[in-house]
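The values are calculated or read from the model by the stated rules, or taken from the named source; none is laboratory data. These figures come from a predicted structure and were not determined experimentally. A quick note on method: Cβ atoms are made from the backbone with ideal geometry, for glycine too, and the neighbour counts reach across all protein chains shown. Each accessible area value is taken on the protein alone, full model and side chains, heavy atoms only, with ligands, DNA and RNA left out. Shrake-Rupley method; radii C 1.70, N 1.55, O 1.52, S 1.80 Å.
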Amino acid sequence: MRRSRLQLVAIGAMLHTLVLLTSAEADNLPQQVEFQSLDGDTMLTGYLFRPAGKTTARKVPAIVMMHGRAGAYSSLAGGKYDASTLSRRHAFWGRFWASHGYAALLVDGFGPRGYAGGFPIHSYDSRPDAVNEVTVRPLDAYGALKYLRSRSDVDGDRIALQGWSNGGSAAIAAMSDEILAATGQKPGEGFRGAVAFYPACALHDRFANGYHPYAPLRVFSGDADEEVSAERCARLVEDSQAAGGDVSIEIYQGATHDFDDPGAKRQSVPENADAADRAIPATLAFLKALLRR
């Protein structure tokens with residue numbers, strides 16, 4: 001696929017931004033925190049990225065971030081699972097949100113349950129129910145929401161949800177009317193909205209009879225995804241729209257799974273770099289408008 005000079009310049013600019021926000025990580029580590037999942041049993045680990053400077057003197061909006069099937073940490077963690085070994089993608093997004101004045105809380109839902117290293121590709125059918133993205137992980141997201149609302153530096157009325165891959169699936173499930181109701185909350189008490197990057201949308205057939213999000217939801221996928229079906233997500237979105245759901249999907253031509261991963265392997269694919277260049281500012285614009293007072 002040929003690229004014009006302007007397209008290549010734009011992609012280069014995005015790569016430069018990715019490098020800047022993921023550099024000097026050892027000098028800018030997030031705070032490790034703990035909080036209870038709404039499953040009632042699990043004490044979760046989280047990594048809190050906070051805005052620097054004068055913005056911390058006031059309450060700020062926040063983003064709860066849900067990792068994918070590979071877990072919260074780098075594949076090079078070597079058994080050391082802490083703030084210093086987070087994956088480059090999660091570190092990038094945490095710092096990205098903080099640089100725009102948001103608190104960002106990355107939830108490690110696998111480590112506390114004994115699966116810190118995550119799961120390999122195509123292992124979906126063998127993963128334990130303890131990390132089910134429909135019945136369990138949404139409860140982790142709501143545990144994070146409750147924790148953020150307990151903090152004096154976070155505006156509890158302006159919190160959104162973001163997830164990738166399996167965490168994107170968890171975000172979609174968490175935004176459903178029925179799962180929110182199962183937590184004992186009303187729509188005005190949940191997240192203000194959510195973004196899901198390249199999720200799987202089968203969702204254990206939980207929503208075979210219809211899916212309706214209680215707040216706005218945006219999905220970003222690639223049509224060359226080697227792990228999940230963007231087409232299946234498009235069908236879920238179309239059916240939900242027909243039932244009145246405020247949900248939409250953007251599918252990027254030629255983009256693979258993990259297209260926003262700042263590593264050289266993914267960003268060396270021009271279609272991935274182009275998708276990241278479009279999806280990142282689109283996500284910022286969506287959540288900025290959503291969380292504006």
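Checked against (1) under 18 Å from the mean Cα position of the chain (by Cα); (2) of a type outside the set (S, T, Y); (3) surrounded by fewer than 24 Cβ atoms within 10 Å (Cβ to Cβ); (4) closer than 27 Å to S126 by Cβ, A170 passes all but a single condition, namely (3).
Taking each residue of the stretch 73-99 that is on the phi > 0 side of the Ramachandran plot and looking for partners that are open to solvent by 10 Å² or more (accessible area, probe 1.4 Å) and part of a helix (DSSP H, G or I) with beta-carbon atoms closer than 8 Å, six or more apart or interchain, yields G78/T85.
Kindly evaluate R89 against the criterion of being out of contact with any Phe, Trp or Tyr (no Cβ under 6 Å at 6 or more places or on another chain) and at pLDDT 95 or above. Reasoning before the result, please.
On the way: out of contact with any Phe, Trp or Tyr (no Cβ under 6 Å at 6 or more places or on another chain): yes; at pLDDT 95 or above: yes.
So R89 passes the test.
Among residues of the stretch 269-293 that are within 14 Å of D223 (Cβ to Cβ), those with a Cβ under 7 angstrom from a residue that is open to solvent by less than 30 Å² (accessible area, probe 1.4 Å) and small (G, A, S), sequence gap 6+ or separate chain, pair up as E271/G254; E271/A255; N272/A255; A275/G222; A275/A255.
Among the residues of the stretch 110-150, those identified as open to solvent by less than 40 Å² (accessible area, probe 1.4 Å) and outside any helix (DSSP H, G or I) are F110, A116, G118, F119, S123, P128, N132, E133, V134, V136. For the stretch 29-52, a residue qualifies if it is open to solvent by 20 Å² or more (accessible area, probe 1.4 Å), over 24 Å from I179 (Cβ atoms) and not in a strand (DSSP E or B), and the qualifying residues are L29, R50, A52.
For the stretch 151-167: of the residues being open to solvent by 30 Å² or more (accessible area, probe 1.4 Å) and either within 13 Å of I63 (Cα to Cα) or free of Cβ contacts under 8 Å to residues at least 60 places away in the same chain (or both), which is nearest to the chain's Cα centre (by Cα)? The selected residue is R158.
Conditions (1) surrounded by 24 or more Cβ atoms within 10 Å (Cβ to Cβ); (2) outside any loop (DSSP other than H, G, I, E, B); (3) touching a strand residue (DSSP E or B) at 6+ places or on another chain (Cβ under 8 Å), marked per residue:
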| site | (1), (2), (3) |
| --- | --- |
| V64 | yes, yes, yes |
| G68 | yes, no, yes |
| G71 | yes, no, yes |
| S75 | no, no, no |
| G79 | no, no, no |
| S84 | no, yes, no |
| G94 | yes, yes, yes |
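Residues of the stretch 231-238 include none that is within 21 Å of G167 (Cα to Cα), touching a residue at least 24 places away in the same chain (Cβ under 8 Å) and touching a helix residue (DSSP H, G or I) at 6+ places or on another chain (Cβ under 6 Å).
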